[in-house]
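These notes are about the structure you will find just below.
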Amino acid sequence: MPELPEVETIKNNLQEILPLRIKELELRREDILRSRDYALKELAGQSIEEVSRRGKYLILAVDNGLFLVFHLGMSGRLYIQEEELTLLEPHVHVIIHLDKPFKLLYQDARRFGGLWLLKDIDSFFSRLGKEPLSEEFSPRYLAQILKGRQTAIKNLLLNQSLISGLGNIYADEALFIAGIRPDRKADSLSLREIEGLCCGIKEVLAKSIKYRGTTFRDYRDGRRQPGEFQKHLQVYGRFNQACPTCGQPLKRSRIGGRSSHYCDKCQQ
DNA sequence: CGCTAGTCCTGTCTGC
DNA sequence: TGCAGACAGGACTAGC
């Protein structure tokens, strides 16, 4: 699914077309709306002035203080389509009709994603951990959240209440950059390894944003274009292929129910 | 509290 | 070609 770099890319796409005046939000499947602090009708005639991201969530700020929050789950897409193009792809669950020659579509085959209509986003996002690209996300913070944890480091990187925005792809890539096996107990990392991991996380996320995210299958950006970072992945999805550093075939195993990709030789 | 396994969905790929 | 089963980028929960 879209992880931090993919959601950031969509955010950047949408920022270029602001402001967006909403004519109507058409909800084509009720269960996509996860919770609601206000009625859909309140959105009519309002304008979206600001788009932001928190973890893997995309936040559209409406000018009367309301918020539209999307999470794209595994297969969600949020993209613009010309207004006169009435033919819809399957699984388009939300259409935001705009005062412009295009509309904003939310498409999600697996429906793990969803939409929240919120008045107070602070409490909604209070359960999320630090943003990995922020200055606050430091080796010191990482050391603090690893301390005493017996779970595999990979599991910890995916825990959104500790670090918000990392998913399976970038967790594997960051661990490879840092030379740390994904099944290492979190508590067993040295300070040096923690520093390397902190750098690795920031590095891989920043680079992926530069390449507009990773498209394995489903992901598309706000213009419905695939990303390019899949060409730069070093371990994810490369089971049995040569390690980019040492040439040995890469390994794959299951950690916390998720597939993990790593090099037996380069990661300790 | 920490952690694991199961669950929600559909689409795609693999192997028989 | 058909079909069953595994698997997929996430996150919540029940239960130990």
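Every read-out reported here was derived from the displayed coordinates using simple, explicitly stated rules and does not represent laboratory data. As the structure is a prediction and not an experimental result, all values here were calculated from the model. Please note: Cβ atoms are built from the backbone with ideal geometry, for glycine as well, and neighbour counts cover all protein chains shown.
Below 13 angstrom from the Cβ of A:LEU189, what's the summed charge of the other residues (Lys, Arg +1; Asp, Glu -1)? Numbers along the way, then the final one.
On the way: positive: A:LYS147, A:ARG149, A:LYS154, A:ARG181, A:ARG184, A:LYS185, A:ARG192; negative: A:ASP183, A:ASP187, A:GLU193, A:GLU195.
Around A:LEU189, the charge tally is +3.
Residue-normalised convex hull volume from the C-alpha trace of segment A:4-125: 94 Å³ per residue.
For A:LYS56, the residues whose modelled amide H falls within less than 5 Å of its own, excluding neighbours fewer than 5 places apart on the same chain, are A:GLY165.
How much length, in nm to one decimal, is gained on full extension between A:ASP264 and A:LEU27, taken as 0.36 nm per residue of separation minus their Cα-Cα distance? Before the final figure, lay out the partial values.
Numbers: separation 237, 0.36 × 237 = 85.32 nm, distance 4.80 nm.
Computed gain between A:ASP264 and A:LEU27 is 80.5 nm.
For segment A:136-146, putting each phi into the Karplus relation 6.51 cos²θ - 1.76 cosθ + 1.60 with θ = phi - 60° gives couplings of 4, 7, 10, x, 4, 5, 4, 4, 5, 7, 7 Hz, in residue order, rounded to whole numbers and with x for Gly and Pro. For the pair A:ARG184 and A:GLN15, a Förster radius of 41 Å applied to the C-beta separation gives a FRET efficiency near 0.60, rounded to the nearest 0.05. Between A:ARG149 and A:ASP187, the built amide H atoms are under 5 Å apart, and every one of these is 5 or more places off in sequence or on another chain.
Note down the relative contact order for segment A:111-268 as a percent, whole number, built from C-alpha pairs under 8 angstrom at least six residues apart. Relative contact order for segment A:111-268 comes out at 21 percent. What the Cα convex hull of chain A gives, in volume per residue, is 126 Å³.
Residue by residue, segment A:168-173 carries 3J(HN,Hα) couplings of 4, 5, 6, 5, 4, 5 Hz when phi is fed to the Karplus relation 6.51 cos²θ - 1.76 cosθ + 1.60 (θ = phi - 60°); x denotes Gly or Pro. From least to most packed, judged by other beta carbons within 10 angstrom and beginning with the fewest, A:THR86, A:THR245, A:THR215, A:THR9 follow the order A:THR86, A:THR245, A:THR215, A:THR9.
Determine, for A:GLU3, A:GLU24, the number of other Cβ atoms within 10 Å of each Cβ, and report the residues in order from fewest to most. If you can, show how the numbers build up before the last one.
Working: A:GLU3 23, A:GLU24 15.
With the sparsest Cβ surroundings first, the list reads A:GLU24, A:GLU3.
The rule of thumb for compact globular proteins, 2.2 N^0.38 Å, goes into the C-alpha radius of gyration of segment A:1-55 1.30 times.
Per-residue Karplus couplings for segment A:104-111, computed as 6.51 cos²θ - 1.76 cosθ + 1.60 with θ equal to phi - 60°, are listed in order as 10, 10, 10, 10, 7, 4, 7, 6 Hz, Gly and Pro entered as x.
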